[in-house]
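K.L.:
Dropping the structure in here first, questions after.
Every number in this text was worked out from the coordinates using simple rules, so none of it is lab data. In this text the structure is predicted, and so the values were computed from the model without any measurement. All Cβ positions, even for glycine, are placed from backbone atoms using ideal geometry, and neighbour counts span all protein chains on display.
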Amino acid sequence: MTDWDLLLTDARIATMRSDSPGFGVVEDGAIAILDGALAWLGPQTELPGKTAAVTRSVAGQWITPALIDCHTHLVFGGDRSAEFEQRLQGASYEDIARSGGGILATVKATRQTASDALFESAMRRVRMLEADGVATVEIKSGYGLDIDSEIKMLEVARRIGTSSSLTVRTTLLAAHTVPPEFIDDADAYVDLICSQLLPLVAAKKLADAVDAYCEKIAFNADQVAKVFGCAQSFGIPVKLHADQLSDSGGASLAASFGALSADHLEYTSPSGVKAMASAGTVAVLLPGAFLTLNETQRPPVDELRQQNVPIAIATDCNPGTSPLCSVREAMALASRLFRLTPQECLAGATREAAIALGLGEDRGTLETGKRADLAIWDIDHPRDLSYWLGSPSLAGLLIAGRDVSLP
Ligand code: DI6
Ligand code: FE
């Protein structure tokens with residue numbers, strides 16, 4: 001019998017612990033893993049005299065917590081790359097939506113696509129995330145917008161979790177946009193979500209959270225409040241697409257429900273930021289959508305910092321506004337577009353993203369007792385993870401202490 005399953009030596013470690021300054025660096029470090037969790041971590045000179053079944057030197061490479069993508073819509077049918085070309089030629093997101101494209105085009109395609117095909121196409125995107133160091137991913141529904149299709153999307157998301165080593169957190173986003181059948185009666189659709197869909201999703205335990213899109217082109221605050229009240233009656237936590245295109249009071253609304261996170265936030269007011277701070281709601285910033293929509297209004301990063309609101313970063317992977325399958329790239333974009341420091345970017349894709357998913361106790365930093373989800377990088381310094389663009393540098397990924405084979 002050995003004390004540990006695996007001992008990694010000769011490592012430079014960025015623990016990302018909130019009680020350590022900067023990246024929480026341990027030079028000349030070692031990490032011991034037992035039963036999928038971190039059993040010991042520290043300078044190699046202080047290593048206790050214990051035995052490990054396997055000892056492996058990482059030869060001076062950097063180890064960070066594995067990355068966490070806390071906001072994606074990566075299960076969808078169809079393809080909207082032609083819309084991208086139209087937009088490059090001057091058509092607006094709204095023009096395209098009015099001519100039958102946009103989000104409703106994805107809804108139509110997703111409804112028509114069988115579960116297996118949705119699964120296969122989503123797995124391609126999941127593998128891309130994994131190849132870039134992701135061990136935990138959130139996946140939303142929201143392109144079904146009827147009972148069967150929303151359930152189908154959530155089941156596909158659950159299947160991704162059971163057929164890969166990644167942890168998948170599922171989110172019901174039935175209140176993404178008003179489906180064609182209810183175009184003149186959004187309230188009736190909200191009633192359907194509350195009276196039929198949510199009870200079914202809760203009974204089948206298909207959603208770890210409930211999300212909504214609070215925007216002029218989607219649902220108003222009263223409608224969102226109704227969905228959130230219903231989610232909470234089933235004990236399901238909530239989160240919100242808030243203030244992406246206008247200040248619709250989304251951040252304050254999310255905070256008033258104690259939301260896990262409020263996401264986008266380009267137009268959030270100082271009072272919205274204060275409300276998030278009091279509620280402990282994480283700010284999830286999505287630079288891929290900001291870039292793709294040619295947005296110029298930046299989220300209120302200085303206010304978020306002043307109010308100590310945790311800032312997470314995610315891909316928002318979706319076929320319309322953020323065709324992005326790399327958290328590394330999201331970090332690189334966030335540093336440039338939102339002027340986050342490389343340290344904030346890495347914390348945003350690890351520690352704060354874990355909190356945004358309600359998993360802060362369990363992962364997101366490297367400390368004893370947490371899951372052994374580790375990324376090993378061929379880099380000179382953790383700031384390189386935000387500095388370099390389009391440069392895959394993942395040298396290894398361990399999920400719950402086990403090696404994931406990378407493509
Ligand atoms: N905000 C977005 O940017 C996406 N959804 C959302 O709530 C857009 C999704 C799409 O265009 O397919
Ligand atoms: Fe989104």
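K.L.:
Quick one: what does P(r) look like for the range 139-204 with 5 Å bins over all Cα pairs, in whole %?
P.N.:
Taking every Cα pair in the range 139-204, the percentages come to 4, 19, 27, 23, 14, 8, 4, 2, 0.
K.L.:
Further question on the same structure: Treating only the Cβ of Lys, Arg, Asp and Glu as charged (+1, +1, -1, -1), what charge dipole size does the range 67-356 show about its Cα centre? Round to the nearest 20 debye.
P.N.:
Working: 25 positive and 35 negative charges, 147 e Å.
Result for the range 67-356 is approximately 700 debye, rounded to the nearest 20.
K.L.:
Pairs of Cα atoms under 8 Å, at least six residues apart: use those to get the relative contact order of the range 230-291, whole percent. Please report the intermediate quantities before stating the final value.
P.N.:
Details: 119 pairs, mean separation 18.9, N = 62.
Once normalised by length, the contact order is 31 percent.
K.L.:
If you line up the long axis of helix 103-112 against the longest principal axis of the chain, both from Cα atoms, how many degrees apart are they, to the nearest 10?
P.N.:
Helix 103-112 and the main axis of the chain meet at about 80 degrees.
K.L.:
If you check each cysteine of the chain for another cysteine whose beta-carbon is under 4.7 Å away, which ones come up empty?
P.N.:
That list is Cys70, Cys214, Cys317, Cys325, Cys345.
K.L.:
Same structure again: In terms of the Cα gyration tensor, with a ≥ b ≥ c the square roots of its eigenvalues, is the chain rounded because a/c is under 1.5, prolate because a/b exceeds b/c, or oblate?
P.N.:
Values: a/c = 1.77, a/b = 1.65, b/c = 1.07.
It comes out prolate by the Cα gyration axes.
K.L.:
To make sure I understand, if each residue's beta carbon is the centre and we count other beta carbons within 10 Å, what order do Ile376, Ile68, Ile103, Ile147 fall in, fewest to most?
P.N.:
On the way: Ile376 22, Ile68 31, Ile103 25, Ile147 15.
Lowest to highest Cβ neighbour count: Ile147, Ile376, Ile103, Ile68.
K.L.:
Now, a different point. Per the helix-only calculation at 222 nm, which mean residue ellipticity applies to the chain, given -39500 (n - 2.57) for every DSSP H run of n ≥ 4 and division by its residues, nearest 500 deg cm²/dmol? Write down the numbers at each step before the final one.
P.N.:
On the way: 16 runs with 140 residues, N = 407.
About -9500 deg cm²/dmol.
K.L.:
Further question on the same structure: If you line up the long axis of helix 115-130 against the longest principal axis of the chain, both from Cα atoms, how many degrees apart are they, to the nearest 10?
P.N.:
The helix 115-130 is inclined about 40 degrees to the chain.
K.L.:
While we're here: Between Thr341 and Tyr387, what length comes free when the chain is fully extended (0.36 nm per residue of separation minus the Cα-Cα distance, one decimal in nm)? Intermediate results must be reported in sequence, preceding the final value.
P.N.:
Values: separation 46, 0.36 × 46 = 16.56 nm, distance 0.99 nm.
Going from the current span to full extension adds 15.6 nm.
K.L.:
Using only Cα atoms and rounding to the nearest 10 degrees, what angle (0 to 90) does helix 327-337 make with the longest principal axis of the chain?
P.N.:
Computed tilt is about 70 degrees.
K.L.:
Placing +1 on the Cβ of each Lys and Arg and -1 on the Cβ of each Asp and Glu in the chain, which of Leu374, Pro323, Thr9 has its Cα farthest towards the positive end of the resulting dipole?
P.N.:
Toward the positive end, the furthest listed residue is Thr9.
K.L.:
A follow-up question, please. By count of other Cβ within 10 Å, fewest leading, how are Leu7, Leu173, Leu245 ordered? Mind dumping the intermediate values first?
P.N.:
Details: Leu7 24, Leu173 27, Leu245 17.
Going from sparsest to densest Cβ surroundings: Leu245, Leu7, Leu173.
K.L.:
Related question: Using modelled amide H (1.01 Å from N, peptide plane; none on Pro or chain starts), what sits under 5 Å from the amide H of Val284, excluding residues fewer than 5 places away?
P.N.:
Answer set, sorted by chain and number: Ala262, Asp263, His264, Ala312.
K.L.:
Please identify, among Ala188, Ala334, Ala66, the residue showing maximal mean-square fluctuation in a Gaussian network model of the chain using a 10 angstrom Cα cutoff.
P.N.:
Highest fluctuation among the options: Ala188.
K.L.:
Using the count of nearby Cβ atoms within 10 Å as a rough guide to exposure, how do Met123, Met1, Met331 rank from fewest to most? Before the final figure, lay out each step's value.
P.N.:
On the way: Met123 18, Met1 4, Met331 25.
Going from least to most buried by this count: Met1, Met123, Met331.
K.L.:
Can you compute the FRET efficiency between Gln44 and Ala114 using 1/(1 + (r/R0)^6), with r the Cβ-Cβ distance and R0 = 60 Å? Round to the nearest 0.05.
P.N.:
In this case the efficiency is close to 0.70.
K.L.:
Restricting to Cα pairs below 8 Å that are 6+ residues apart, what does the relative contact order work out to for the chain? Please round to a whole percent. Walk me through the numbers on the way to the answer.
P.N.:
Details: 962 pairs, mean separation 75.8, N = 407.
Reported relative contact order: 19 percent.
K.L.:
Separate question: From the backbone phi of the range 174-182, what are the Karplus-calculated ³J(HN,Hα) couplings (6.51 cos²θ - 1.76 cosθ + 1.60, θ = phi - 60°) in whole Hz, Gly and Pro given as x?
P.N.:
4, 8, 8, 8, 7, x, x, 5, 10
K.L.:
Which entries of Lys204/Lys239; Lys204/Lys370; Lys205/Lys239 show an alpha-carbon separation above 24 angstrom in the structure shown? Intermediate values should be presented prior to the final figure.
P.N.:
Working: Lys204/Lys239 20 Å; Lys204/Lys370 28 Å; Lys205/Lys239 17 Å.
From Lys204/Lys239; Lys204/Lys370; Lys205/Lys239, over 24 Å: Lys204/Lys370.
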